[in-house]
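The values are calculated or read from the model by the stated rules, or taken from the named source; none is laboratory data. The structure presented is a predicted model; accordingly, all values stated were derived computationally and were not measured. For neighbour counting, all protein chains shown are included, and Cβ atoms are generated from backbone atoms with ideal geometry for every residue, glycine included. Side chains included, ligands, DNA and RNA excluded: accessible areas come from the protein's heavy atoms. Shrake-Rupley method; radii C 1.70, N 1.55, O 1.52, S 1.80 Å.
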Amino acid sequence: MSVTQAVSAGEPYYPAFPYEFYTSLTDQDLADLWSAIQATPPVSRYDQQHDVGFPFNIRSGLKIWKSFFERPHVPAPNPDRTAAWNRGRYLVLGPAHCAACHTPRNLIGGLPSDMTLAGDPNMQDGGQSPALTSSDLRAKGYTVEALVRAIRTGIGPDGDAFGGSMAEVVHGSTAYLLDRHLQDMATYLLDLDEP
C-alpha cells in the first residue's frame, strides 16, 4: 500500500510511526516533509509483510492507542531562551523524536512526561538507551561541539562509537542534518536542566 493509499483510506501507518512527536510540526514543516517524500525515488522491491505478533498485528488497535497518547502539542517559544535553544527544543521533542528511544515507555507504550529523555533501560529491541538530560550529557564529557560531532558521526567524546539503533539513526538521519540544526539541538540538550 502506498503512502497516499494509506492516508486516503484513513489507516494508521504500521507497524510503527512516532505519531506523538509529529503533532508539533508546523504546517510548513508538514508540507516540506510531504514534498521530500514525494521527491524520493521509489525502491525497486516489493513491500514486506509485517512480522508483528498478536495483539500488535491488529492495525486498528493503533487508533485506540493514539486516542490515549497522541496529543496536539505546539510549544510556544520560551521568551527567556535563545532562538537556538527554542529551535533545538522543537527539533528534539518533535521531528527528531529523540524521546521515542531515550524515554522509558509504560506498559502500553506511552511515554511518561516526567521521564522525558531519562533514558530507557528496556528498549523494545532488547537494548538500552542513555539519558539525554544535560547533567548526564555533561557528566559524559559532552560540550556543544562534542555533541554536534557525535550526532553527525556517531562517535562520542570518549572516542567510542554509537551502536545498535543509534548507529542506524546517525547513518540514516542525523548525519544529514544541517549544521545549524545540530547546533540548536545540542544547545537545547545541554541546557535542559537549567531554569
The number of residues in the range 27-36 that are open to solvent by less than 100 Å² (accessible area, probe 1.4 Å) and either closer than 30 Å to Ile108 by Cα or among the basic types (Lys, Arg) (or both) is 4
Give Ala131, Ala84, Ala118, Ala96 a once-over and let me know the one that is part of a loop (DSSP other than H, G, I, E, B), small (Gly, Ala, Ser) and under 26 Å from Ala36 (Cβ atoms). Ala96
On the given criteria, is Asp47 modelled with pLDDT under 80, of a type in the set (D, E, K, R) and part of a loop (DSSP other than H, G, I, E, B)? yes
Only one residue in Val148, Val169 is under 17 Å from the mean Cα position of the chain (by Cα), in a helix (DSSP H, G or I) and at pLDDT 95 or above. Which one? Val148
When residues of the range 157-191 are limited to those that are closer than 21 Å to Thr82 by Cα and among the charged types (D, E, K, R), the one surrounded by the most Cβ atoms within 10 Å (Cβ to Cβ): Asp184
Hey, could you check the range 71-119 for residues that are among the aliphatic types (A, V, I, L, M), at pLDDT below 90 and more than 15 Å from the chain's Cα centre (by Cα) and say which is farthest from Gly163 (Cα to Cα)? Ala76
Residues of the range 123-156 satisfying the condition of being of a type outside the set (S, T, N, Q), open to solvent by 60 Å² or more (accessible area, probe 1.4 Å) and either free of Cβ contacts under 8 Å to residues at least 12 places away in the same chain or more than 21 Å from His97 (Cβ to Cβ) (or both): Gly126, Arg138, Ala139, Lys140, Glu145, Arg149, Ile155
Can you list residue pairs whose Cβ atoms sit under 6 Å apart, with the first residue in the range 53-69 being of a type outside the set (A, V, I, L, M, F, W, C) and the second being in a loop (DSSP other than H, G, I, E, B)? Count only pairs 6 or more apart in sequence or on different chains. Arg59/Tyr14
Filtering the range 44-89 for residues that are of a type in the set (Val, Ile, Thr), closer than 24 Å to Met185 by Cα and surrounded by 11 or more Cβ atoms within 10 Å (Cβ to Cβ) leaves a count of 1
